[in-house]
Amino acid sequence: MKELKLALIGFGNAGQAFAKMLLEKEEELEKRYDTRIVVVAITTKTRGNLVDAWGIDLDKALKNVQNSGRFDKILGFSENSTSQGIVDKVEYDVLVELTPLEFNSGKIATNHIRGALRRGKHAITGNKGPVAWAFKELTELAEKNNCRFLYETTVMDGMPLFNMKRDTLRLCKVTEIRGIINRTTNYILCEMAKGRSRAEILAEGKKRGFIESNPATDLDGFDAAAKVAVLANTLMGANLTPPDIERKGIKDITMEDLEKAQENGNAIKLMCHAYIDENGQVKGSVGPEEVSKNDIYATIEGTSSVITITTDMMGTLTLIEEASEVKQSAYGLFADLMSLIEQD
Ligand SMILES: NC(=O)c1ccc[n+]([C@@H]2O[C@H](COP(=O)([O-])OP(=O)(O)OC[C@H]3O[C@@H](n4cnc5c(N)ncnc54)[C@H](OP(=O)(O)O)[C@@H]3O)[C@@H](O)[C@H]2O)c1
């Protein structure tokens, strides 16, 4: 049986959901692909790091973190190691980058991925930073070192966007992308339109865990701008970074604005856009817009998201992801892993 060794950099919501999925699908992967997935390293910022060349017991690691908030020292606990040190020295086949987005640079995650690709190891990222800040460099590095850089879950979780373009829209040129791709702001706007105050919605979202303790990344449109840069770079061949994206968040949207839109049957949404301008340059923008009640975007509720991709050969395609949860994010990582298994 073949063995594929994984190093997980970051073990928060997405990392833990991915580990659970690996356990859930272990038998099927072995039966169908004659492949055993072995996680040889897990790193975090505050919970400690694990390294075990024979394979970490994922079930124990999950229980350990859930019960005590830290890895137990007997599990393969690695004293004095750093994530970058593990990226650069441990023997693995695939790096899975799951640290938080650094909007202003994407530096830490980019360094992790660069370190893996330089060693000829495949890299999968759920973190948008490296794709938004260094896509060209990292794809060229992967090509040079005969390995792959994959990023399906960076936009709309496991929704097959990048896999679809690569596998089923071959040679199609993407000329425009529009969508609602930040679920937190969509949820806030939908709930405000029902008459709830922003403060009340934020408090509820934080309690339920889908709004971050500092929600500015979403409210000011930073997360959405990083996603537009990812889409423009990967699907439209651009070389943009998040500051290149024209950006306005939803902080100034009032109940009155939403009510006025509703009187016309319309809705206010945080719309994301990547397009080709009159000089042939790819541009991107994020900002609130009043969308017509007849528009599909007006029907996107709560934590759902939508994207419309216009192409030269396949017309216009619209994909909707209903009420996303962390399992769908884990699936994006799993789908990338499957691409690597299938190519062997
Ligand atoms: N959650 C989702 O549904 C989802 C969906 C799509 C994409 N993503 C992306 O996936 C990434 C992870 O998301 P998440 O929700 O799992 O975040 P999270 O719950 O905040 O977990 C982040 C993990 O990274 C670790 N970490 C932070 N800084 C680090 C560093 N410098 N070196 C090593 N580890 C570090 C944290 O350590 P501690 O455990 O010590 O805090 C934690 O384990 C983010 O970039 C996010 O945008 C998430």
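If you bin all the Cα-Cα distances of the stretch 1-63 at 10 Å, starting from zero, the percentages per bin are 21, 56, 20, 2. Helix 58-68 and the longest principal axis of the Cα set of the chain meet at an angle near 70°. Here the 3J(HN,Hα) profile of the stretch 144-152, calculated from phi with Karplus coefficients 6.51, -1.76 and 1.60 at θ = phi - 60°, is 4, 9, 6, 9, 10, 10, 10, 8, 3 Hz, Gly and Pro shown as x. Legend: ranking of residues LEU29, LEU23, LEU231 from fewest to most surrounding C-beta atoms inside 10 Å; resulting order LEU23, LEU29, LEU231. Taking the C-alpha atoms only, the angle from helix 13-24 to the longest principal axis of the chain is near 60 degrees. Reported to the nearest whole Å, the Cα centre-to-centre distance from the stretch 1-36 to the stretch 114-185 is 20.
In terms of its C-alpha gyration tensor, the stretch 286-344 comes out oblate, because a/c is 1.5 or above while a/b does not outweigh b/c. The order of ARG198, ARG36, going from fewest to most other C-beta atoms within 10 Å of their C-beta, is ARG36, ARG198.
Hull volume per residue, based on the alpha-carbon atoms of the stretch 93-235 and their convex hull, is 122 Å³. Using only side-chain charges placed at the Cβ, +1 for Lys and Arg and -1 for Asp and Glu, the dipole size of the stretch 198-266 relative to its Cα centre rounds to 260 debye. For the options GLY158, GLY302, GLY129, a Gaussian network treatment of the chain with springs between C-alpha atoms closer than 10 Å singles out GLY302 as fluctuating the most. Listed by chain and number, the lysines whose C-alpha is less than 20 Å from the C-alpha of LYS293, apart from same-chain residues fewer than 8 away, are LYS194, LYS260, LYS269.
Any lysines with Cα under 18 Å of the LYS144 Cα? List them, leaving off those in the same chain fewer than 8 positions away. List returned: LYS121, LYS136. Looking at the stretch 20-148, the pairs of alpha carbons with a distance over 24 Å make up 34% of the total.
Taking Cα atoms only, the orientation of helix 326-343 departs from the longest principal axis of the chain by about 60 degrees. The residues ILE9, ILE250, when put in order of fewest to most other Cβ atoms within 10 Å, stand as ILE250, ILE9. Can you say what percent of the DSSP beta bridges in the chain, counting only those with both residues inside, are antiparallel? Round to 5. Once the DSSP bridges in the chain are tallied, antiparallel ones form about 60 percent. The share of alpha-carbon pairs in the chain lying farther apart than 38 Å comes to 18%.
Applying the Karplus relation 6.51 cos²θ - 1.76 cosθ + 1.60 with θ = phi - 60° to the stretch 222-229 yields 3J(HN,Hα) values of 5, 4, 5, 5, 5, 5, 5, 4 Hz, where x marks Gly and Pro.
Readers should treat all values here as calculations from the given coordinates under stated rules, not as data from a laboratory. What you see is a predicted model; the values in this text were computed from it and never measured. Using ideal geometry, Cβ is built from the backbone for each residue, glycine included, and neighbour counts are taken over all protein chains shown.
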